[in-house]
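In what follows, a structure is listed as structure tokens, so that the remarks can point back to it.
The numbers here are math on the coordinates, done by the rules we state, and not lab data. In this text the structure is predicted, and so the values were computed from the model without any measurement. Every residue, glycine among them, receives a Cβ derived from its backbone with ideal geometry; neighbour counts consider all protein chains shown.
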Amino acid sequence: MDNVVYGLINYGNQEISDNAKGALKYIKNDIADIKKRYIALGFHLEEFDRYYYYKEFGFSSLADFVQANFGIEHSGLSRILSVYNRFCSRNGADGTIFVDDRFQAYSYSQLVEMVKLSNAQIDKDIQPTMTVKDIRNYVKNKKKCDVAQNKKVEEKVLTKQEKCAIAPPLLEPDTQRHFDERYQLLTGNDLFIDLLNCLKENIKNVDKVSAIVKLLNNSGL
């Protein structure tokens, strides 16, 4: 193929496959119209990576192939793929070569700054009329607020931990409490006498008392 820089690694392929040639042609066309086709470029670069087409050209990675052939640095490739994955329209879980309708009014440069924002943040605070600098400043301020909020949460947690650390220890249960005769359980004759006295004091009917006493005697207490 003309105007292609080849790497030095031989992966055993005798010639470049038609699929790899076609994929490279798509990438060249996308780059030629990058302002409009940046999503399509991301799509075709990811496809080129997924099928390891760069190996057919003697490279060990997509990043090295792209840098050698198009002068796109690794950081630039990362931005292209990030914008594609974040803002492309999707057919189910699969990305397409088109930008999502809700982001069509934004330029590639704006979308680069918006990659880490949620849709809710974009809908609320970001407008297509904002400059790239405005969006970048918004993202920076949002990051500072998030850091400050996280710091407050950490301080609250540390304060609670400190309070727990200085709290007086719980007293150990007193397993050697002095014996108190008032809590001794009655058994045998003592129990029988106690029951008998209780019956005499609380039941006025003598016949009932006699019957209960007889029942207790027969029970073997």
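Sort out for me the helices (runs of 4 or more DSSP H) sitting completely within segment 14-88 that have 3 or more residues that are closer than 30 Å to Ala120 by Cβ and within 34 Å of the chain's Cα centre (by Cα). Can you show your working first?
On the way: elements: 18-32, 34-50, 53-56, 62-70, 74-87.
Answer list for segment 14-88: 34-50, 74-87.
Restricting attention to segment 1-21, which residues are farther than 18 Å from Gly71 by Cα, surrounded by 12 or more Cβ atoms within 10 Å (Cβ to Cβ) and small (Gly, Ala, Ser)?
Matches in segment 1-21: Ser17, Ala20.
If I go through segment 26-82 residue by residue, how many of them are surrounded by fewer than 18 Cβ atoms within 10 Å (Cβ to Cβ), free of Cβ contacts under 8 Å to residues at least 24 places away in the same chain, hydrophobic (A, V, I, L, M, F, W, C) and in contact with a helix residue (DSSP H, G or I) (Cβ under 7 Å, 6 or more places away or on another chain)?
The number of residues fulfilling the criteria is 0.
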